[in-house]
């Protein structure tokens, strides 16, 4: 079996070699009827009354009649010939019709019509016809399905004109006409043969009226007998009566002429020699390697035996037993051949059933990657190869087991085709998504916002891994594009930080020196001078750049703790202290990563506090208006008044902080 295309289902001939159509297979489980072996000779008790009898006479109940000739149906004979591979004239070479396309089937039909006699074509034509219309029906079903899937109504579907079917029907018609003509010719021939045999009988009847010597009359009788034998078959419904009439007039002839014993003995001797020759031929058939051919030849020998006539009585039983023994041995060989054939066909069915189970298991597996499909496709192709090496199954099971295997293969390859159809669409989508990530990566590669951009690159790299494969032709191109953009940023970043590390180390030394200097600061008696000195420390601190991140919190906390402590000891009001502390805080933001975000967060926090204070002051003022008319609520009024005053001071401080933040953003 030729392997099917891995990416096609079985209907596209991606790999399955089927059996031929069941009507063309010849492995029917038939037990051939044995050639019966009974002596057809019926001889009278008197030698003078012996006659040349045809093998239609009855025998005694304890005898088997040689008339029970070898009968095997035409169908069994046809099957036997094909199964044995017997090579005879006009034997049609078998082909696998299921594997042929429709146009090849049309050509096949045309070829056999031109090359073989019509009487040999029945099984071949039926097999071709069955295979053609299976494929034709499958094509129509597929067209109809696509028609309905396109949105059309099923009842509106009309089958298109198929020129191949037109040609096919033309050749079928030629076959039918030739077959009908052949049958007519055969019937005419049988009718003519019947008429000819009637004429022979009439001629035998006339022998008793001849005026000639007995030798001449007997010679004419022999010629008429030979003429009778040479005439072909007659209509079946006239066989019995014709033989009865023939034997009747034969017997009358013998009774009339009272053939002399010498001439009779000579005739019996000639029959004896002829039957010895048939025995020898039958015995040679035991050496014939083709069993079915031997069996069919034996049937012809039985017909000849019947035609020869009687032999001397003392040799009759011995000769018949010899012929019957050879017949029995050939029958046994023939029977054993079909028994072995039956066993082999059953073994083939069992082996094919096992292959069907394996194919069905493969077709039921859910596969999710091209590699998995490729591996399982190879397994299925191997099953198809094994299928080819197995012979026919029993005729009644042959089509069924083939359809089962074909269905499993078709299911597998249909699922494979659907997977790759969806897979290609998904790959195109993945290519678009990865192209968009390339654009993002290229847009950020010159960024110096190292922290934020690094995080963004990490995100898009993670997203890249989550996206599935792209078409193979674009895979390397899009990957190189993405990697080039990522590498450009990280090389830029690496270069920057390799220089920055040295600067940050120097900045750390400067800030630690400033912290030490601040710790040694001795305030003066003049608070204003001390305030300016502390502001100077703050300005110097903010002018120093970044320090290594692992040291940032430590050194910042040390500086803020000292500077806030000095501000707390200054003889300043709370408002000024808070302003300076806030200034110190936002100055530190400038040296931190994401300083913009922190300033924004601080601004939002202040605005939120302002809104809340404004809302609270409004509420408190309303409460004062409510309690002002009552003498018992003076304490409450004073409390609300204090809250309002404190709230307004805090609003002033918060507004100042907002201004400081705005100034910071401008810088």
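The values are calculated or read from the model by the stated rules, or taken from the named source; none is laboratory data. All values derive from a computational prediction rather than experimental measurement. Because the Cβ atoms are built from the backbone with ideal geometry, glycine has one as well, and the counts that use them run over all protein chains shown.
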Report summary line: The residue from 104, 119 that alone is assigned to a helix (DSSP H, G or I) and out of contact with any helix residue (DSSP H, G or I) (no Cβ under 8 Å at 6 or more places or on another chain) is 104
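A quick yes/no check of all residues on (1) out of contact with any helix residue (DSSP H, G or I) (no Cβ under 9 Å at 6 or more places or on another chain); (2) under 14 Å from residue 437 (Cβ atoms); (3) assigned to a helix (DSSP H, G or I):
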site	(1), (2), (3)
457	no, yes, yes
464	no, yes, yes
478	no, yes, yes
495	yes, no, yes
507	yes, no, yes
518	no, no, yes
525	yes, no, no
Requested in this report: Determine, yes or no, whether residue 330 is crowded, with 16+ Cβ neighbours inside 10 Å, in the same structural domain as residue 292 (by TED's automatic domain parsing) and at pLDDT 85 or above.
Outcome: yes
Query raised in the report: Does the stretch 231-239 contain any residue that is exposed (fewer than 12 other Cβ atoms within 10 Å of the Cβ), part of a helix (DSSP H, G or I) and modelled with pLDDT of 85 or more?
Result: yes
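Kindly provide the set of residues from the stretch 427-447 that are in a helix (DSSP H, G or I) and exposed (fewer than 14 other Cβ atoms within 10 Å of the Cβ), ordered by number. Spell out the reasoning first.
Going residue by residue through the stretch 427-447, those that are in a helix (DSSP H, G or I) are 427-444.
428, 429, 432, 436, 439, 443 - these are the residues of the stretch 427-447 that are in a helix (DSSP H, G or I) and exposed (fewer than 14 other Cβ atoms within 10 Å of the Cβ).
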Report summary line: Counted residues in the stretch 390-400 being assigned to a helix (DSSP H, G or I) and either without any contact (Cβ under 8 Å) to a residue 40 or more places away in the chain or surrounded by 19 or more Cβ atoms within 10 Å (Cβ to Cβ) (or both) come to 4
Query raised in the report: How many residues are touching a helix residue (DSSP H, G or I) at 6+ places or on another chain (Cβ under 8 Å) and assigned to a loop (DSSP other than H, G, I, E, B) when one looks only at the stretch 356-370?
Result: 2
Query raised in the report: In the stretch 281-306, how many are in contact (Cβ under 8 Å) with a residue 24 or more places away in the chain and either over 21 Å from residue 247 (Cβ atoms) or surrounded by fewer than 16 Cβ atoms within 10 Å (Cβ to Cβ) (or both)?
Result: 15
